[in-house]
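Heads up: the structure comes next, in structure tokens.
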Amino acid sequence: MHTVRKAASRLAIQPPLRSLASIALAAELGAMLGCNLTPAGRSTVTAAPSIAATVAPSPATAAPSPAPASPSPSAGRSTRPADGRASARPEAPDNAGPASEVALAEPVGLTFDRAGSLLVGEAAVGRVRAIAPDGAVTTLVDAAKGTIKANFPGLTDLACGADGSLYAVSATSGIHRVRPDGSIAAIPGDAATPGGEPIRPRSIAVGPDGMVYVGEFANDVEGPGPRLLAWKPDGTPRILPTTITLPPGSIVGIAPSADGSMQFAFVDVAENVTLYRRAAKGVTSVIAAYADGQGASDLATSTLGGVYLARPKLGKVMYMYPQGLGSAVVDPETPAASAGFPVPRSVATGPDGTLFMADTATALVYAIRSYRTWEVVGPGAAPFTPLSREENGG
């Protein structure tokens, strides 16, 4: 039986486990296809102050919208419905504290800031939490209790820029840039592309060169499909040319590379999924396609060379090889039976290469240490015990 290992309120951002965990995952994935995927080296992040560490509370900070009513404070986890596919809204107190005591209201949009803190959006209330490497949780963005007084209703994605800015995508109010000083600027809504079409943001990512990338949603079956856009932090959005024309649907995730290329996940209105690769000069090709009507919700770069694709309706996170083959690293058979059916809404790769997953069924964020071992990041966490070499397969 597979097991779920719960991490402590010290949190599951544990760089010392990088080599064992990634080697175990790489070996396990490689064994499925008879190839060697062991990473050659570590991924590093330059230490720098994060928004959470540097922004002082300021009542003058602009808020894009009034704060929604917050659920009443309560400790504990959400309960899972019988079908396991929809999450009962968890209690989400405004207070900060240890990760084991702060519930998350529909966690989405995982991203890491430059200091290594995990930022988590809460779709149900338009809030952003910051989880420090030591497990301390603070409310970063919230009109009532946040360091930054704002809310982003309809929150779908987050990304951190090279300059320390936080980008928040809202399906109802566009893209907001939270600068390191705490000031907020709306990008679309009032800004449009060179062609005059308002931006309809769904996903966002920041490339290694600092370029900001946005994928749109366009669900009008009689209208044009979504576009890819890009701009420098202080520049004007521009449409990225591709050699394909997308039908109506949504670009749910973008994974940019250092060479200027990117991969992006597209879901059409029938919930079929296509994973594309766009070369630096715009040539676009299909990597993989799933015509199963089960959709996808997010994409994250892997240090192993491929990408992670979140498919919540199937309860899966797929590792997609560059050649297009996919292998599940999270599926309903992965955890212990008591953990139930996972609903992985968002995925992100940590500074040390660890895969993190936001599960809206349990309102938890997990660190996926290996195919068989998860660690809880959030409410319900138990005392953390480092995995042994044997437990990691080494």
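Just to be sure I understand, how many residues within the range 204-234 are in a loop (DSSP other than H, G, I, E, B) and either touching a strand residue (DSSP E or B) at 6+ places or on another chain (Cβ under 7 Å) or open to solvent by 40 Å² or more (accessible area, probe 1.4 Å) (or both)?
Within the range 204-234, residues that are in a loop (DSSP other than H, G, I, E, B) and either touching a strand residue (DSSP E or B) at 6+ places or on another chain (Cβ under 7 Å) or open to solvent by 40 Å² or more (accessible area, probe 1.4 Å) (or both) number 15.
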Exclusive hit being in contact (Cβ under 8 Å) with a residue 12 or more places away in the chain, touching a Lys or Arg at 6+ places or on another chain (Cβ under 6 Å) and farther than 25 Å from Gly215 by Cα, set Val120, Val137: Val137
Residue check for Asp181: part of a loop (DSSP other than H, G, I, E, B), modelled with pLDDT under 90, acidic (Asp, Glu) and open to solvent by 30 Å² or more (accessible area, probe 1.4 Å): no
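Table: residues versus (1) assigned to a strand (DSSP E or B); (2) within 18 Å of the chain's Cα centre (by Cα); (3) modelled with pLDDT of 90 or more.
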| position | (1), (2), (3) |
| --- | --- |
| Gly121 | yes, yes, yes |
| Val125 | no, yes, yes |
| Val128 | yes, yes, yes |
| Thr156 | yes, yes, yes |
| Gly164 | no, yes, yes |
| Pro194 | no, no, no |
| Arg202 | yes, yes, yes |
Selected residue [β-branched (Val, Ile, Thr), out of contact with any Ser or Thr (no Cβ under 6 Å at 6 or more places or on another chain) and either free of Cβ contacts under 8 Å to residues at least 24 places away in the same chain or within 15 Å of Ala280 (Cα to Cα) (or both)] from Val212, Val221: Val212
Among the candidates Asp163, Asp157, residue that is crowded, with 23+ Cβ neighbours inside 10 Å and of a type in the set (D, E, K, R): Asp157
Any pair with Cβ under 6 angstrom, 6 or more apart, that starts in the range 103-114 at a residue that is among the small types (Gly, Ala, Ser) and part of a loop (DSSP other than H, G, I, E, B) and ends at one that is at pLDDT 90 or above and open to solvent by 10 Å² or more (accessible area, probe 1.4 Å): Ala105/Ala124
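Go through Gly315, Gly324, Gly295, Gly282 for me and flag whichever is open to solvent by 10 Å² or more (accessible area, probe 1.4 Å) and at positive phi.
Gly324
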Pick from the range 328-347, criterion open to solvent by 10 Å² or more (accessible area, probe 1.4 Å) and part of a strand (DSSP E or B), ranking: modelled with the lowest pLDDT: Ala328
Criterion: surrounded by fewer than 18 Cβ atoms within 10 Å (Cβ to Cβ) and among the hydrophobic types (A, V, I, L, M, F, W, C) - qualifying residue of Ala300, Ala289: Ala289
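The values are calculated or read from the model by the stated rules, or taken from the named source; none is laboratory data. Small disclaimer: the values here were computed from a predicted structure and weren't measured. When we count neighbours, we look across all protein chains shown, and the Cβ atoms used for this are built from the backbone with ideal geometry, even at glycine. When the accessible area is computed, the model is the full protein with side chains, heavy atoms only, and any ligands, DNA or RNA have been set aside. Shrake-Rupley method; radii C 1.70, N 1.55, O 1.52, S 1.80 Å.
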